[in-house]
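Working notes for the structure below.
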Amino acid sequence: MSLRPPVSASDHHLGPLDAPLQLVEYGDYECPYCGALFPEIAAIRQAFGDNLCFVFRHFPLSEAHPHAERAAEMAEAAASEGKFWQMHEVLFQNQDALDDESLVAYGEQLGLSQAAIRSAFDGSREQHVRHDFTGGVRSGVNGTPSLFINGTRYDGAQDAQSIADALAAAG
Amino acid sequence: MADTAANVLLQPGTKAPDFSLHSTPDQLVKLSDLRGRPVILAFYPADWSPVCSDQMVLYNEMLSEFSAYGAELMGISVDGVWCHEAFAKANKIHFPLLSDFEPKGAVARTYHSYRATEGVAERSLYVIDGEGVIRWSYLSPVGINPGADGILDALDALGVKGGAA
């Protein structure tokens, strides 16, 4: 099980792209397990600093989570104005309010242009989300969240300590 | 027949054992009726495991990837038809879940995919070609959802069109 395609500059990433450790999450903004992982990732990033590049790719389970696809598209809309990670945080902190009206409100709170906000609803962000999803399927994503450490799927426990141990072993 | 923890799956080149199983209380699916297109059989232990990591829920999201190959996907467990129906309804599952219920696990056994100790199916995958011959099989650790990458690679190897989704 390895990551296809590999991490590139077109991915949403935190930390240097050439960091020795890469942690990729395939996630869904409406998935409670992804929500639970959010603070764990923050702790891991803090512990590893610039030795770690964290990447988020979309894997909305749209049949199970009716708002997940639209939320992912809103994150991409925010990305078009350089605010992907701000929106990412807002979405994970408001997992119980991801209806269209709430998504618009989050866009406005972050100061996105009306054009960017509209782009989350007119299908123009679909392709990016679909591209992430298809790559995830090909990489062996088996649920959300799915994590890859240096390109290999991580099947262990999803708490900060367990993930950090696996990262340390990979490094 | 191997039906212990050390199941060895039927290997590529083997004729897929035929079967008829209920997909709903009044519908039977017969494997040999599906000749002409690839069939994906996904044996799994049970309905109702946690949703975000559930193998069937995941495959449900990937149906467009499978259908790009003209492939038919079917889940098989020892759950009864009414259980499957409730599970499929709750999760909006859009592909058949077959009930290997009576005699319990009979089809899973013919595919070397029955865990006698627990009385459930293995988490095993088969890709069968249009002529009814097994072309790929994979036994996953029972607690680990295998994802779909192996299935798609096997469909690619069949040379049927698709994969451009």
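The numbers here are math on the coordinates, done by the rules we state, and not lab data. Worth saying up front: this structure is predicted, and the values here are computed from it rather than measured. Cβ atoms come from the backbone with ideal geometry, glycine included; neighbour counts cover every protein chain shown.
Provide Rg over Rh for chain B; use the alpha carbon set for both Rg and the Kirkwood Rh (inverse mean inverse pair distance).
Ratio of gyration radius to Kirkwood radius for chain B: 0.92.
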Point-to-point label distance, A:S10-A:A47, nm (Cα→Cβ direction, 7 Å offset): 3.3
Within a Gaussian network of chain B (alpha carbon springs, distance under 10 Å), most fluctuating of B:S137, B:S77, B:S67: B:S67
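Quote the relative contact order of segment A:48-171 in percent (integer), defining contacts as alpha-carbon pairs under 8 Å separated by 6+ residues.
25
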0 to 90° range, to nearest 10: angle between helix A:160-170 axis and chain A longest Cα axis: 50
Beta bridges by DSSP in chain B, antiparallel share as percent, to the nearest 5: 70
5 angstrom amide H check on B:A16, placed H, neighbours 5+ away: B:V133, B:I134
The protein assembly as shown: antiparallel DSSP beta bridges as a percent of all, rounded to 5: 65
Binned Cα-Cα distance frequencies in segment A:14-164 - 5 Å width, integer %: 2, 10, 20, 22, 21, 15, 8, 3, 0
³J(HN,Hα) computed for each position of segment B:119-129 - Karplus, 6.51 cos²θ - 1.76 cosθ + 1.60, integer Hz, glycine/proline x: x, 9, 6, 5, 9, 10, 10, 10, 10, 10, 7
For segment B:82-149: relative contact order, % (alpha-carbon pairs under 8 angstrom, 6 or more apart): 16
Helix A:84-93 axis, angle to chain A major axis (alpha carbon atoms, nearest 10°): 90
Residue of A:A77, A:A120, A:A42 that the Gaussian network model of chain A assigns the largest fluctuation, springs spanning Cα pairs under 10 Å: A:A42
29 Å Cα-Cα reach of B:K15 towards lysines, excluding residues that sit fewer than 8 places from it in its own chain: B:K30, B:K104, B:K161
Residue with peak Gaussian network fluctuation, chain B [Cα springs, cutoff 10 Å], from B:D26, B:D100, B:D129: B:D26
Karplus (6.51, -1.76, 1.60) ³J(HN,Hα), θ = phi - 60°, over segment A:50-67, in Hz, Gly and Pro reported as x: 6, 7, 10, 10, 9, 10, 10, 10, 7, 9, x, 8, 5, 6, 7, 10, x, 9
MRE, 222 nm, helices only [DSSP H, n ≥ 4, -39500 (n - 2.57), over chain B, to nearest 500]: -6000 deg cm²/dmol
Anisotropy class of segment B:93-148 from Cα gyration tensor, a/c 1.5 cut: rounded
Hull volume in cubic angstrom per residue (convex hull over the Cα atoms of segment A:1-93): 108
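For the protein assembly as shown, would you read off the P(r) tail past 29 Å as a percentage of all alpha carbon pairs?
Within the protein assembly as shown, distances greater than 29 Å cover 42 percent of Cα pairs.
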Integer Hz, Karplus 6.51/-1.76/1.60 couplings in order for segment A:25-40, x for Gly and Pro: 10, 9, x, 9, 5, 9, 7, x, 5, 5, x, 5, 6, 3, x, 5
Fraction of beta bridges assigned by DSSP in segment A:14-164 that are antiparallel (%, nearest 5): 55
